[in-house]
Amino acid sequence: MMSPLDHTVRQARVAEAMTRAAIDLLFLPISGDLEYLTGIPRREPSFGNVSYRHGWIAGAFFRPGKNPIVVLPRMITEYELPGGASGDVVIVNETHDADAILRRTAKAIGAVRSLAVGARAWAETMIHLRQALGDPVLSNADDLISPLRRIKAPGEVERMAAATRIVDEVMAVIGPQVRPGITEAELAAQVNLEMSRRGSRVESFDTGIISAGRLDQREPGTRLTTQHIRAGTSVSFDFGAVVDGYCSDFGRTIFVGEPDAEFLRVYELVIASQSAGIRAARPGVTAAEVDRASRQVIEAGGYGNWFRHRTGHSIGLDVHEYPFISEEDRTPLQPGMTFTIEPSIFWPGHVGARIEDVVVCEPSGARKLNSYPDALVVND
């Protein structure tokens, strides 16, 4: 059984950060931040908007030294929160006047001069909050919560390790299925099914299967097609699982048929690039320096123009968290940070390869949480 997560301690740390920043009130919508502080879970992300009457009001207010005030539409409490919520809970029925309820809640809170809001709050929520609270000075709650969330406690790393084990196991099952004739969409469906069978709450993001054979005709934003995999091409995977709200993010490339000399060279560069990034990832080193260590391997190999992605990103309750392992991010790494190292070379119409693992920064350096091998898999 996994060790419990102490939301009370987390709330106290955020309250201290609010006091230091002179923030009177914090509002968080249903999000990774809210799950971090209360344990209230999120639904699986969906392509279209999922909405309820008064859905804009869903979230919680936090004040230093006080219990959170959780405000939720009835439908969320009925179907998405069977265990209830801690703190003071206000349920808004469909026929209620949600603005009047928000005004009463605001009156009970008292004067609010400064309000921090979760960065993923709806614009509609912001309109109502400003009207109810008297147009306070606004700030981004990420500035308060991100520095706390980026350092993972042992229990959090434990859950992320479980999520990485799921994707390792799934890749071992799916790898042999990558053969001529199967489609990218069919492979993705199998990936998602196998993750679910192993206990993943949802996919941590939309599963992507990219065959190099279609890179020259790929539609923008298309991570899957129904085209059949052809012999003589590479197939790259990008998928992740979720355990107790914590994400993994994983990638490998399989070659179908006989790889040519250029692909073998590209694959070796990608593996060497990841190794260089992991070696560089030590406490005190900046995220940008890790990106540089990884990127210069591919540049020296002559494929720098085709390493078009960032080297990685932090990961935890959200699959993409700050800091980013990218050239613009000067954040120093600290023990407890978890992030991906995911170099790639994608040259449309020529060659494509990627690898991705989650690592944790420890006092002595970075340690992979994934155990799936990085040796090239070649299927007939």
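With the chain treated as a Gaussian network of Cα nodes joined by springs under 10 Å, which of Asp206, Asp249, Asp357 yields the largest mean-square fluctuation?
Checking each option, the largest mean-square fluctuation is seen for Asp206.
Springs between alpha-carbon atoms under 10 Å, Gaussian network over the chain: tell me which of Ile355, Ile174, Ile325 tops the mean-square fluctuations.
Largest GNM mean-square fluctuation: Ile174.
Pairs of Cα atoms under 8 Å, at least six residues apart: use those to get the relative contact order of segment 1-150, whole percent.
26 percent
Rank-order 152-163, 312-323, 91-102 by packing density, defined as the average count of other C-beta atoms within 10 Å over each peptide's residues, highest first.
Details: 152-163: 19.4, 312-323: 21.9, 91-102: 14.8.
Ranked by mean Cβ neighbours within 10 Å, highest first: 312-323, 152-163, 91-102.
From the phi of every residue in segment 202-211, what ³J(HN,Hα) in whole Hz does the Karplus formula 6.51 cos²θ - 1.76 cosθ + 1.60 yield, where θ is phi - 60° and glycine or proline is x?
Per residue, the Karplus-derived 3J(HN,Hα) values read 8, 7, 6, 6, 5, 5, x, 10, 10, 8 Hz.
To the nearest 20 Debye, how big is the dipole of segment 148-195 about its Cα centre, given +1 on the beta carbon of each Lys and Arg and -1 on that of each Asp and Glu?
300 debye
Would you please give the residues with an amide H less than 5 Å from that of Asp329, counting only those at least 5 places away or on a separate chain, with H modeled from the backbone geometry?
The list, which skips near neighbours in sequence, is Ala288.
Quick one: if you stick a label point 7 Å off each Cα along the C-beta vector at Asp135 and Ala272, how many nm between them?
Taking the simple label geometry, Asp135 and Ala272 are separated by 6.1 nm.
Quick check: residue separation of Thr225 and Ala119 times 0.36 nm, minus the Cα distance between them. What number comes out in nm?
On the way: separation 106, 0.36 × 106 = 38.16 nm, distance 3.23 nm.
That works out to 34.9 nm of additional length.
Once amide H atoms are placed 1.01 Å from N in the peptide plane, what residues at a sequence separation of 5 or more from Asn370, or on another chain, have their amide H within under 5 Å of its amide H?
HN-HN under 5 Å from Asn370: Val358.
Take every DSSP beta bridge whose two residues both sit in the chain, then give the antiparallel share in percent to the nearest 5.
Details: 40 of 55 bridges.
Percentage antiparallel, nearest 5: 75.
Amide H neighbours of Ile341 under 5 Å, counting only residues 5+ apart in sequence or on other chains, H built in-plane at 1.01 Å?
Here Asp357, Val359 satisfy the definition.
How do Arg310, Arg120 rank by accessible surface area computed with a 1.4 Å probe, from largest to smallest?
Arg120, Arg310
So for Tyr303, Tyr36, Tyr52, what's the accessible-area order with a 1.4 Å probe, most first? Write out the running numbers ahead of the final one.
Values: Tyr303 30, Tyr36 5, Tyr52 55 Å².
My answer, sorted largest first, is Tyr52, Tyr303, Tyr36.
Counting only protein heavy atoms and using a 1.4 Å probe, what share of the accessible area of segment 45-85 belongs to carbon plus sulfur, as a whole percent?
Result for segment 45-85: 50 percent of the exposed heavy-atom area is carbon or sulfur.
May I ask you to compute the full-extension gain from Gln296 to Asp260, defined as 0.36 nm times their residue separation minus their alpha-carbon distance, rounded to one decimal in nm?
Working it through step by step, the gained length comes to 10.6 nm.
May I ask which residue of Ser275, Leu264, Thr226 lies farthest towards the positive end of the charge dipole of segment 180-298, with charges of +1 (Lys, Arg) and -1 (Asp, Glu) on Cβ and the Cα centre as origin?
Of Ser275, Leu264, Thr226, it is Ser275.
Go ahead and collect, in residue order, the members of segment 130-146 whose backbone nitrogen is under 14 Å from a label point 7 Å along the Cα-Cβ direction of Ala22.
137-139
Heads up, I need the accessible area for Glu328: 1.4 angstrom probe, whole protein in place, Å², nearest 10.
Using a 1.4 Å probe on the heavy atoms, I get roughly 110 Å².
Would you kindly give the portion of the calculated P(r) for segment 249-368 that falls above 26 Å, as a percent of all Cα pairs? Numbers along the way, then the final one.
Values: 1272 of 7140 pairs.
Pairs farther apart than 26 Å: 18 percent.
If Trp347, Trp56, Trp122 are ordered by their accessible area, calculated over protein heavy atoms with a 1.4 Å probe, which sequence runs from highest to lowest?
Trp122, Trp347, Trp56
Would you mind working out the accessible area per residue for the chain, using a 1.4 Å probe, and quoting it in Å²?
45 Å²
Only four residue types carry charge here, +1 at the Cβ of Lys and Arg and -1 at the Cβ of Asp and Glu. Report the dipole size of segment 1-118 about the Cα centre in Debye, rounded to the nearest 20.
Magnitude of the dipole: close to 380 debye.
Quick one: length gained pulling Glu94 to Phe47 fully straight, 0.36 nm per residue minus the C-alpha distance?
Fully extending the segment from Glu94 to Phe47 adds 14.5 nm.
Which of the listed residues, Tyr36, Thr8, Thr19, is farthest toward the dipole's positive end in segment 1-43, when Lys, Arg count +1 and Asp, Glu count -1 at the beta-carbon?
Of the candidates, Tyr36 comes out farthest on the positive side.
Using a 10 angstrom cutoff on alpha carbons, build the Gaussian network for the chain and name the most mobile of Ala287, Ala261, Ala85.
Maximum fluctuation in the GNM of the chain, among the listed residues, is at Ala261.
Positive end of the dipole of the chain, charges at C-beta (+1 Lys, Arg; -1 Asp, Glu), about the Cα centre: which of Ile91, Ile298, Ile325 has its Cα farthest in that direction?
Ile91
Determine the dipole magnitude for the chain: charges of +1 sit on the beta-carbon of Lys and Arg, -1 on that of Asp and Glu, nothing else is charged, the reference point is the Cα centre, and the result goes in debye to the nearest 20. Can you show the working numbers first?
On the way: 40 positive and 48 negative charges, 175 e Å.
That gives a dipole near 840 debye.
The values are calculated or read from the model by the stated rules, or taken from the named source; none is laboratory data. Not measured: the values here are computed from a predicted model. No Cβ is skipped: glycine too gets one built from the backbone with ideal geometry, and neighbour counts run over all protein chains shown. Calculation scope for accessible area: heavy atoms of the full protein, side chains included, ligands and nucleic acids excluded. Shrake-Rupley method; radii C 1.70, N 1.55, O 1.52, S 1.80 Å.
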